[in-house]
Amino acid sequence: MKLVIKLLLNALAVVILSKVLSGVHVDNYTTAIIVAIVLSVLNLLVKPVLILLTLPITIVTLGLFLLIINALIILLASNLIDGFSVSSIWIAILFSILLSILQSLLHSLLKESKKKR
């Protein structure tokens, strides 16, 4: 149940950011849910491999290269999913940063509402 709620919150974050950023387009809410699922799977499977392969440059840049890796994963998801598009690498970097912030806010709101019960 927790996983479903987290995926729905991530899909909500994708929809909100697609409304805010002009370079990101999501067709509908179903596509946003698919984007959330695909991003989760890519972060689980592809991201560790990319981090391992780019470890020297990540260390030299003090971890800033991880932003590029996140952007590449978002662009990969954009290529895999019809109805989801990101216009450039710079928009993907901005989308990645804002998505992380928004996900943190939404998940913290979820935790606070559970504590009040």
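All of the numbers you see were taken from the coordinates with simple rules; none came from a lab. This is a predicted model, so every value here is computed, not measured. Cβ coordinates were reconstructed from backbone atoms using ideal geometry, including for glycine residues, and neighbour counts include every protein chain displayed.
Quick rundown of the values:
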item: Integer Hz, Karplus 6.51/-1.76/1.60 couplings in order for the range 78-88, x for Gly and Pro; result: 4, 6, 7, 10, 6, x, 10, 9, 10, 6, 8
item: Taking the chain and dividing mean pair separation by its residue count, relative contact order in percent (alpha carbons under 8 Å, at least six apart); result: 32
item: Phi to ³J(HN,Hα) by Karplus 6.51 cos²θ - 1.76 cosθ + 1.60 over the range 21-29, Hz, x for Gly, Pro; result: 8, 6, x, 10, 10, 10, 5, 8, 5
item: The chain: Lys pairs at Cα distance under 29 angstrom, eight or more positions apart or on different chains; result: 16
item: Ranked packing of 18-27, 44-53, most packed first, by mean Cβ within 10 Å; result: 18-27, 44-53
item: Net charge over other residues, Cβ less than 15 angstrom from the Cβ of Ala77 (K, R count +1; D, E count -1); result: -1
item: Mean-position separation - Cα centroids, the range 20-40 and the range 74-88, in angstrom; result: 9
item: Degrees separating the helix 89-116 axis from the principal Cα axis of the chain, which is the longest one; result: 40
item: Label-point separation in nm, Ser85 to Ser100, each point 7 Å along Cα→Cβ; result: 2.8
item: Stokes-Einstein D for the chain, Kirkwood Rh over Cα pairs, 25 °C, 0.890 mPa s (µm²/s); result: 165
item: In Hz, Karplus ³J(HN,Hα) per residue of the range 5-19 (6.51, -1.76, 1.60; θ = phi - 60°; x = Gly, Pro); result: 5, 5, 5, 5, 5, 5, 5, 4, 5, 5, 5, 4, 5, 5, 6
item: Gain on full stretching of the segment that runs from Lys19 to Lys47 - 0.36 nm per residue minus C-alpha separation; result: 7.4 nm
